[in-house]
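The values are calculated or read from the model by the stated rules, or taken from the named source; none is laboratory data. If you're wondering where the values come from, they're calculated on a predicted model, not measured in any experiment. Note: ideal-geometry Cβ built from the backbone for every residue, glycine included; neighbour counts use all protein chains shown.
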Amino acid sequence: MRRLPPIARVAEYSLIAATVSLLMLGCSPNARRAPGASVDRQQQDPAISGNGNILAVIVEQRGRPTVELRDLRSGQRLPLRHLNRQQPHSSPSLSWNGRYLAVITQRGNRRMALVEDRVTGRAHPLRPPGNRDPVRVSLAPDGQRMAIQVSDRGRWRVEMLDLSSVLEPDRPGGLRVTTPQEGP
Amino acid sequence: MIAQSRKEKTGGRTSLLLWNSLLLFTLVGGCSTEDIRPLQNLNSALDRSSDARRDPTLAQEWLATLSSRGGRERIELINLRNGTPVPTPGLNSADAQPVSISLSGDGERLALVQQREGRTELMLYRRSIGALQRLDINPPGVPRQVSLNGDGRTLAVQISRSGRWDVDIIRLP
């Protein structure tokens with residue numbers, strides 16, 4: 001049998017590895033139930049942090065859709081300072097280390113986006129330009145931009161907002177620039 | 001003397017009024033929304049390239065949305081540096097209706113839920129190789145919302161099983 005040249009052999013092995021990888025991806029992803037689930041407790045609208053360690057979900061609390069945060073490594077529920085009220089909550093979104101949680105809340109009869117900074121404990125209420133009610137939000141991994149879906153004269157639009165003057169970056173590695181603020 | 005007393009009273013009232021105004025301003029300021037700036041050039045480019053958009057998902061340099069044009073909705077990936085859509089070969093097919101999308105932080109992977117031939121499918125698209133693959137759900141269920149982490153290796157999926165909503169965490173190769 002004729003031996004293949006080394007470069008052809010490398011190409012052959014790469015092809016086999018890629019095929020096996022694709023087959024594995026198609027057949028058997030490794031799945032588990034998110035922590036915090038129970039028979040009488042449903043979870044909806046998941047958002048995972050960039051580092052994959054924190055999960056936000058919407059659960060019913062006394063009949064009101066409320067955002068809840070969990071550490072996926074320990075399964076522990078993480079405290080939120082400003083999001084025990086202003087329900088219903090919807091469309092959660094997390095930054096890279098989960099420092100920022102953006103979610104749509106209700107204030108009076110208006111919908112409003114709110115970003116909670118879990119390091120400083122501050123809440124940042126954000127209203128889209130034109131005073132429109134937000135429908136869905138997505139926070140950039142570093143927290144410096146946000147995409148907001150709004151309804152404008154009967155059609156859906158997506159508006160991009162610059163948050164760099166309001167939030168400091170939450171980048172991989174989790175370097176904190178400010179000192180945590182203890183007071184509200 | 002009477003005139004001086006009146007003057008002091010008036011001065012006191014003015015001072016009280018000023019303090020009240022300051023307190024009111026602080027209270028209202030504390031409850032008001034923050035000053036955020038719309039990215040005007042980007043928003044104009046988004047408006048120009050579609051009739052309508054919904055379900056945004058942001059990566060560091062990318063935005064994906066479900067965008068409508070000519071009555072048809074498709075997944076569109078936009079380069080945030082210049083606001084222009086980029087080609088995504090193999091992602092949109094004529095017989096599939098996207099339901100939910102989520103980008104990985106680097107914009108390389110996109111998880112989606114789509115309806116095709118009466119079925120609701122959980123899919124993963126890898127941009128660099130232009131491959132769209134179906135992901136199995138075990139135990140079986142109907143997927144709804146998806147969220148990918150930064151490197152696109154961990155996926156959170158909202159799934160309906162026997163009429164109740166759960167969230168599964170799926171590790172991807």
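One table, with the values for the structure above:
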quantity: Which listed residue is facing chain B (nearest Cβ under 9 Å) and modelled with pLDDT of 95 or more, from A:I148, A:I104; calculated: A:I148
quantity: Within the range A:151-182, considering residues that are modelled with pLDDT under 75 and touching a Gly at 6+ places or on another chain (Cβ under 8 Å), the one nearest to the other protein chains (Cβ to nearest Cβ); calculated: A:Q181
quantity: Residue, surrounded by the fewest Cβ atoms within 10 Å (Cβ to Cβ), within the range B:154-173, restricted to residues that are in a loop (DSSP other than H, G, I, E, B) and either at the interface with another protein chain (Cβ under 7 Å from one of its Cβ atoms) or within 17 Å of the chain's Cα centre (by Cα) (or both); calculated: B:P173
quantity: Residue count for the range B:131-153, restricted to those that are more than 7 Å from chain A (Cβ to nearest Cβ) and out of contact with any Leu (no Cβ under 8 Å at 6 or more places or on another chain); calculated: 6
quantity: Single residue of A:L94, A:L78, A:L69 found to be under 15 Å from the mean Cα position of the chain (by Cα) and more than 23 Å from A:V166 (Cα to Cα); calculated: A:L78
quantity: So A:L80, is it assigned to a strand (DSSP E or B) and either of a type in the set (A, V, I, L, M, F, W, C) or surrounded by fewer than 19 Cβ atoms within 10 Å (Cβ to Cβ) (or both); calculated: no
quantity: Residue that is touching a Pro at 6+ places or on another chain (Cβ under 6 Å) and free of Cβ contacts under 8 Å to residues at least 24 places away in the same chain, where the choices are A:V119, A:V150; calculated: A:V150
quantity: Residues within the range A:36-75 that are touching a residue at least 40 places away in the same chain (Cβ under 8 Å), in a loop (DSSP other than H, G, I, E, B) and buried (at least 16 other Cβ atoms within 10 Å of the Cβ), tallied; calculated: 5
quantity: Residues of the range B:49-98 that turn out to be within 15 Å of B:L110 (Cα to Cα) and within 11 Å of another protein chain (Cβ to nearest Cβ), as a count; calculated: 14
quantity: Matching residues in the range B:138-173 - criterion: being farther than 22 Å from A:L139 by Cβ and among the small types (G, A, S); calculated: B:G141, B:S160, B:S162, B:G163
quantity: Restricting the range B:55-88 to residues that are among the basic types (K, R) and part of a strand (DSSP E or B), the residue that is nearest to B:A45 (Cα to Cα); calculated: B:R69
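Yes/no per residue for (1) out of contact with any Pro (no Cβ under 8 Å at 6 or more places or on another chain); (2) modelled with pLDDT of 95 or more; (3) in the same structural domain as B:L103 (by TED's automatic domain parsing):
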residue	(1), (2), (3)
B:D51	yes, no, yes
B:L58	no, yes, yes
B:E73	no, no, yes
B:E76	no, yes, yes
